[in-house]
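A quick write-up on the structure given underneath.
The values are calculated or read from the model by the stated rules, or taken from the named source; none is laboratory data. Computed from a prediction, not measured in an experiment: that's the story for all the values here. All Cβ positions, glycine included, derive from the backbone under ideal geometry; neighbour counts span all protein chains shown. In case anyone asks, the SASA skips ligands and DNA or RNA and just uses the protein heavy atoms, side chains included. Shrake-Rupley method; radii C 1.70, N 1.55, O 1.52, S 1.80 Å.
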Amino acid sequence: MDSALSGLRIIDCATLFAGPFAATMLGDFGADVIKVEHPRRPDPSRGHGATKDGQGLWWKSLGRNKRTVAADLKSDDGRAVLLKLVESADVLIENFRPGTLDRWGLGFDELTRVNPRLIVLRVTGFGQIGPRRSDPGFGTLAEAMSGFAAMTGEADGPPTLPPFALADGVAGLTAAYAIMVALWSRERTGRGQEIDLALIEPLLGILGPQISTYDQLGRKPVRTGNRTTNNSPRNTYRTRDGKWLAISTSSQSIAERVLRLVGHPEYIDEPWFATGQQRAQHSDVLDAAVGAWVAERDSGEALAAFSAAEAAASLIYDVEDIMNDEQYQALGTIHAIDDPDLGPMKMTNVFFRMSETPGEIRFTGRATGADTDAVLREHGFDPEQIEAMRQKGAIA
């Protein structure tokens with residue numbers, strides 16, 4: 001069975017997370033992803049996070065389904081290699097500072113002169129235009145500038161940054177979507193195009209209507225801890241056996257079920273209980289009612305009661321809980337695969353299931369330049385040319 005994106009070729013020249021993550025998403029569904037890295041300064045994500053036997057575990061997942069080529073794009077030979085790869089490519093992903101590829105003779109005009117159907121996705125901190133276009137930009141700055149940090153944390157505490165690459169992840173998923181939109185457009189026009197994606201924008205876009213609320217009402221989001229201004233009860237509650245439950249009442253009917261379950265149906269008749277926003281203004285009362293009930297019960301008993309009441313609750317999981325959860329197991333969320341360096345290992349599977357053209361993790365992240373010779377031969381370089389470039393340090 002052909003994969004959904006069979007025949008699509010992606011050149012991944014990006015580093016760290018957002019751009020490479022977009023390429024991973026496309027590779028999971030059959031795109032031929034060729035990862036191009038500097039021979040002596042490969043993608044820093046190879047060294048991020050935990051390692052085992054010298055192998056970066058983050059890279060094993062982020063680099064999956066990607067063939068790796070090591071080429072110095074600043075050199076004449078490296079430039080020639082990329083231009084040759086571009087001839088048969090559909091998409092090129094890069095995250096150099098604006099103007100970098102142009103200085104190397106690999107700007108959009110040069111690339112599309114070789115292949116007018118090429119789509120070039122540029123991921124940067126601040127975009128290709130504006131006063132900060134050339135500033136170094138990372139996800140942390142996007143989490144700060146989007147308003148995320150300002151609204152995250154306890155009401156009387158400092159702004160809080162996430163302990164993972166949130167802005168990069170959101171931007172990576174957005175980038176994969178943008179590429180598919182551009183590919184669909186190309187089906188109609190026959191032409192490629194340039195995509196300018198700034199890390200500071202996608203996270204801002206998913207934080208709710210803060211822009212419209214400020215524009216129309218002059219209101220700024222405030223930190224509310226685990227609470228929300230949209231509904232209540234919504235918080236984490238500690239059980240008798242020391243576990244934590246997360247409870248949500250985003251719909252009115254579930255809010256009513258929760259209050260009946262915890263023995264306070266009288267609140268349902270209060271005028272302020274009629275909407276989520278009004279309930280949120282009485283979170284102290286509702287949290288006290290739910291919290292007291294949960295505290296008197298072990299986690300298993302509390303969860304069973306919520307399930308019987310058809311109310312929404314979950315344990316706060318750590319990674320061990322995730323690995324052992326029956327629902328994740330039923331979905332196949334954790335994928336087991338053999339890695340040539342580490343042997344059997346597990347990682348997060350593709351993000352969704354398709355009935356006709358499912359995604360697949362075909363292999364884990366490979367060593368820098370592992371496929372250089374094979375890929376270059378596919379693109380018309382003979383062994384003598386490859387060896388000459390290797391001797392000059394242009395490839396590895």
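Those strands (runs of 3 or more DSSP E) of the stretch 1-96 in which at least 1 residues are free of Cβ contacts under 8 Å to residues at least 40 places away in the same chain, considering only elements entirely within it, cover 32-37. Tell me whether the stretch 310-318 contains one or more residues that are within 30 Å of Thr239 (Cα to Cα), of a type in the set (Phe, Trp, Tyr) and in contact with a strand residue (DSSP E or B) (Cβ under 6 Å, 6 or more places away or on another chain). Among the residues of the stretch 310-318, not one is within 30 Å of Thr239 (Cα to Cα), of a type in the set (Phe, Trp, Tyr) and in contact with a strand residue (DSSP E or B) (Cβ under 6 Å, 6 or more places away or on another chain), which makes the answer no.
For residues that are among the acidic types (Asp, Glu) and over 27 Å from the mean Cα position of the chain (by Cα), scanning just the stretch 53-79, find the one that is least open to solvent (accessible area, probe 1.4 Å).
Of the stretch 53-79, the ones among the acidic types (Asp, Glu) are 53, 72, 76-77.
Filter again for over 27 Å from the mean Cα position of the chain (by Cα), leaving 72, 76-77.
Numbers: Asp72: 21, Asp76: 131, Asp77: 36 Å².
Step by step, filter the stretch 53-79, then rank; the result is Asp72.
Just one of the listed residues (Gly343, Gly380, Gly332) is within 21 Å of Ser88 (Cα to Cα) and either free of Cβ contacts under 8 Å to residues at least 24 places away in the same chain or open to solvent by 50 Å² or more (accessible area, probe 1.4 Å) (or both), namely Gly380.
Would you point out which residue out of Leu199, Leu183 is crowded, with 17+ Cβ neighbours inside 10 Å and within 18 Å of the chain's Cα centre (by Cα)?
Checking each option against the conditions leaves just Leu199.
Checking each residue of the stretch 216-237 against the condition of being in a helix (DSSP H, G or I) and either open to solvent by less than 60 Å² (accessible area, probe 1.4 Å) or more than 19 Å from Glu154 (Cβ to Cβ) (or both) gives at least one match. The condition of being closer than 27 Å to Trp184 by Cα and under 27 Å from the mean Cα position of the chain (by Cα) holds for only one of Arg132, Arg122, that being Arg122.
Here the stretch 241-279 is the region considered, the condition is being open to solvent by 20 Å² or more (accessible area, probe 1.4 Å), within 19 Å of Asn226 (Cα to Cα) and among the hydrophobic types (A, V, I, L, M, F, W, C), and the residue that is farthest from the chain's Cα centre (by Cα) is Ile254.
Cβ-Cβ distances below 7 Å connect the following pairs, each with a first residue in the stretch 178-189 that is assigned by the TED database to the domain that holds Leu26, a second residue that is crowded, with 16+ Cβ neighbours inside 10 Å and assigned to a helix (DSSP H, G or I), and a separation of six or more residues or different chains: Ile179/Ala22; Ile179/Leu26. Among the residues of the stretch 280-322, those that are within 18 Å of Glu256 (Cβ to Cβ) and open to solvent by 50 Å² or more (accessible area, probe 1.4 Å) comprise Gln281, His282, Val285, Ala288, Ser307, Ala308, Glu310.
Looking at the stretch 286-344, the helices (runs of 4 or more DSSP H) lying wholly inside it that each contain 1 or more residues that are under 25 Å from the mean Cα position of the chain (by Cα) sit at 319-324, 326-331. Remark: Thr372 falls outside the filter, which requires a residue to be at pLDDT 95 or above, surrounded by fewer than 16 Cβ atoms within 10 Å (Cβ to Cβ) and of a type in the set (Val, Ile, Thr). Within the stretch 140-176, being open to solvent by less than 30 Å² (accessible area, probe 1.4 Å) and part of a helix (DSSP H, G or I) holds for Ala142, Glu143, Ala149, Ala167, Asp168, Gly169, Val170, Ala171, Gly172, Ala175, Ala176.
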